[in-house]
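Beneath this line is the structure, given in structure tokens, with notes to follow.
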Amino acid sequence: MSGIIEQLRGLSTAEDFFTVLDVPYDLNTVNVSRLHILKRFQQYMRKDAIADMPEDSRKAACAAALKRAHDDFVTSTGIEEKVFKVFQDQQPAAPAFVSLDTLKTGRG
């Protein structure tokens, strides 16, 4: 049998990842944020250097990373978490500026 990393590469749905890694998940969260969860999972795998771990500890580390990624989106959104570059590049909306001379006092 191949290693867990190779096994994960062959999966096609977010639910498959949760099933293979035996990680419980909230279906509504996955339905709303599946791509964000998988992208964050990939980021956690890189950050934790899971590919460099001994094979016997990789599955548990992958499961922990997937659980963390899922939990990030239970109470947050993709826009708030800024997982994808399109959200990272977005500038916050500038507050509207209203000069005093454009205001009318309502008198006379």
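Tally up the residues in segment 14-53 that are basic (Lys, Arg) and either in contact with a strand residue (DSSP E or B) (Cβ under 9 Å, 6 or more places away or on another chain) or more than 14 Å from Arg68 (Cβ to Cβ) (or both), please. Walk me through how you get there before you give the answer.
Applying the first criterion (basic (Lys, Arg)) to segment 14-53 yields 34, 39-40, 46-47.
Keeping just the survivors that are either in contact with a strand residue (DSSP E or B) (Cβ under 9 Å, 6 or more places away or on another chain) or more than 14 Å from Arg68 (Cβ to Cβ) (or both) gives 34.
Here the count works out to 1.
List the residue pairs whose Cβ atoms are under 6 Å apart, where the first residue sits in segment 14-38 and is within 16 Å of Thr75 (Cβ to Cβ), the second is surrounded by fewer than 17 Cβ atoms within 10 Å (Cβ to Cβ) and at pLDDT below 95, and the two are 6 or more positions apart or on different chains.
Thr29/Val74
I need a count of the residues in segment 1-26 that are more than 15 Å from the chain's Cα centre (by Cα) and either of a type in the set (A, V, I, L, M, F, W, C) or over 27 Å from Asp56 (Cβ atoms) (or both).
8
The values are calculated or read from the model by the stated rules, or taken from the named source; none is laboratory data. Computed from a predicted model, the values in this text were never measured in an experiment. Cβ atoms come from the backbone with ideal geometry, glycine included; neighbour counts cover every protein chain shown.
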